[in-house]
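S.K.: Have a look at the structure that comes next, please.
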Amino acid sequence: MDDSDEKKKSDTIQTVVFPGRFESLEEIGEFIARFAQEAGFDPNDAYAVQLAVDEACTNIIQYAYGGEDRGDIVCTCEVSDEGLEVELRDKGAPFDPDKVPSPNLDASLEERKVGGLGLYFMRRLMDNVCFDFTSDEGNVLTMVKRKEKEP
Amino acid sequence: MEVHTTHHKRCSVVSAAGRVDSQTAPELAQAFKEITEENDVYKIVLDMAGVEFISSAGLRVLIDVQKTCRRWNRGELILAGVPKVIYDALDLAGFIPLFKFFDDVTSAVGSF
């Protein structure tokens, strides 16, 4: 067995537990930025991942937990040849993305509502977004951003 | 996030820097509220040159302020110095038709 390969692999996956409060968002953003850099993303794609994860964590705090300081967000980043996978786990109420209304992006200023924009951002900015809930595990959200192939 | 306000003859300028997320967006909202409610000024430039990150929580503030400013045609919120990654997010959200954009604060202030 090649030790160096084993070490390299363990360097590219990390789990950090953050308290479920808005104050954690900056630290989560820094954690994601570090892995986005490690995955070799350009600044645009790195920003996209940070924005998607920020929106996801805000939704967890607001909707799954129904407020701040009611549980943790367990965040795992994994860099692969394909790109970056971010997994977010929480023990809050089951999140049903189908119940979130789609934002009307063409509405006039007066009729414009910003609700649903977070989920819309997540789906547009990431290549794969998957929501799962089990009574044992709670909510498990997996998002993947693929790296553009080298020209 | 850091935010500070300067008052000009024709408008007020809010300069924000750093992260505008669910934690800090209320501070930005408060800065605007002081201008509109306490000073009765509805012509506002938001200098975003120092903003590194803005989430939908920040976008909600921008929409709310624009609604307040545009009411009865009394003014508007203009965005200046918007970094490219943030402009792209505003574009994705369909916000481009709702705001005027200027490269820098000086030209934005001059437009009022």
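The values are calculated or read from the model by the stated rules, or taken from the named source; none is laboratory data. Since the model is a prediction, treat every value here as computed from it, not as a measurement. Please note: Cβ atoms are built from the backbone with ideal geometry, for glycine as well, and neighbour counts cover all protein chains shown. Areas reflect the complete protein model, heavy atoms only, side chains present, ligands, DNA and RNA absent. Shrake-Rupley method; radii C 1.70, N 1.55, O 1.52, S 1.80 Å.
S.K.: Nearest 20 debye, what's the magnitude of the dipole of chain A about its Cα centre given +1 on Lys and Arg Cβ and -1 on Asp and Glu Cβ? Let's see the in-between values first.
M.R.: Details: 17 positive and 34 negative charges, 91 e Å.
Using only the charged Cβ atoms, the result is roughly 440 debye.
S.K.: Nearest 20 debye, what's the magnitude of the dipole of chain B about its Cα centre given +1 on Lys and Arg Cβ and -1 on Asp and Glu Cβ?
M.R.: Using Cβ point charges on Lys, Arg, Asp and Glu, chain B gives about 440 debye.
S.K.: How many partner chain Cβ atoms sit within 10 Å of a residue's Cβ in peptide A:123-132, on average, as a whole number?
M.R.: Working: counts 0, 3, 3, 0, 0, 0, 0, 0, 0, 0.
Whole-number average of other-chain Cβ neighbours for A:123-132 is 1.
S.K.: Calculate the FRET efficiency for A:Lys99 and B:Lys33 from the Cβ-Cβ distance with a Förster distance of 35 Å, rounded to the nearest 0.05. Don't jump to the answer; show the numbers that get you there.
M.R.: Numbers: r = 32 Å, r/R0 = 0.90.
For A:Lys99 and B:Lys33, the calculated efficiency is 0.65.
S.K.: Can you count the Lys pairs in chain B with C-alpha separation below 23 Å, eight or more apart or on different chains?
M.R.: Pairs that pass both the separation and distance tests number 11.
S.K.: Suppose all protein chains stay in the model; what accessible area per residue would a 1.4 Å probe give for the protein assembly as shown, in Å²?
M.R.: Accessible area per residue: 52 Å².
S.K.: Now a separate question. Using the Karplus curve 6.51 cos²θ - 1.76 cosθ + 1.60 with θ = phi - 60°, what ³J(HN,Hα) values do you get for each residue of region A:119-124, in whole Hz, with x for Gly and Pro?
M.R.: 5, 4, 4, 4, 6, 7
S.K.: Got a sec to turn the phi values of region B:96-112 into Karplus ³J(HN,Hα) couplings, 6.51 cos²θ - 1.76 cosθ + 1.60 with θ = phi - 60°, whole Hz, x for Gly and Pro?
M.R.: Residue by residue, region B:96-112 yields 4, x, 8, 9, 8, 10, 10, 5, 9, 4, 4, 5, 5, 4, x, 6, 7 Hz.
S.K.: Sticking with this structure for a sec: Over the whole of B:11-23, what's the average partner chain Cβ count within 10 Å per residue? Rounded to a whole number, please.
M.R.: Working: counts 0, 0, 0, 0, 0, 0, 0, 1, 5, 0, 12, 13, 8.
Per-residue shielding by partner chains comes out at 3.
S.K.: Roughly how crowded by other chains is peptide A:105-115, in terms of the mean Cβ count from those chains within 10 Å of each of its Cβ atoms? Can you show the working numbers first?
M.R.: Details: counts 5, 2, 2, 2, 9, 3, 0, 10, 2, 11, 2.
For this peptide, the per-residue mean of nearby foreign Cβ atoms is 4.
S.K.: In region A:1-150, if every C-alpha pair distance is counted and binned at 10 Å from zero, what percent goes to each bin?
M.R.: 11, 39, 33, 14, 3, 1, 0
S.K.: Right, another one. Highest GNM mean-square fluctuation, chain A, Cα pairs closer than 10 Å: which of A:Ser24, A:Ser108, A:Ser135?
M.R.: Ranking A:Ser24, A:Ser108, A:Ser135 by mean-square fluctuation puts A:Ser108 first.
S.K.: Chains B and A: buried accessible surface, both sides, probe 1.4 Å, rounded to 100 Å²?
M.R.: 2200
S.K.: How large a share of the accessible area of chain B, in percent, is made up of carbon and sulfur atoms when the probe is 1.4 Å and the other protein chains stay in place?
M.R.: On the way: 2430 of 5100 Å².
Result for chain B: 48 percent of the exposed heavy-atom area is carbon or sulfur.
S.K.: Quick one: Cα centre-to-centre distance for region A:75-151 and region B:2-66, in angstrom?
M.R.: Each part's Cα centre sits 27 Å from the other's.
S.K.: Show me the helices of chain B, taken as full DSSP H stretches, that run 20 Å or more along their long axis by Cα and average -0.5 or above in Kyte-Doolittle hydropathy. Present the calculation step by step, with values, prior to reporting the outcome.
M.R.: Values: long enough: B:56-70 (21 Å, 0.20).
Taking the DSSP H segments of chain B (at least 20 Å long, mean hydropathy at least -0.5), we get B:56-70.
S.K.: Mind listing the long-range amide H neighbours of B:Lys43? Cut-off is under 5 Å, sequence gap 5 or more, other chains count too, H placed in the peptide plane at 1.01 Å from N.
M.R.: Long-range HN contacts for B:Lys43: B:Ser12, B:Glu76.
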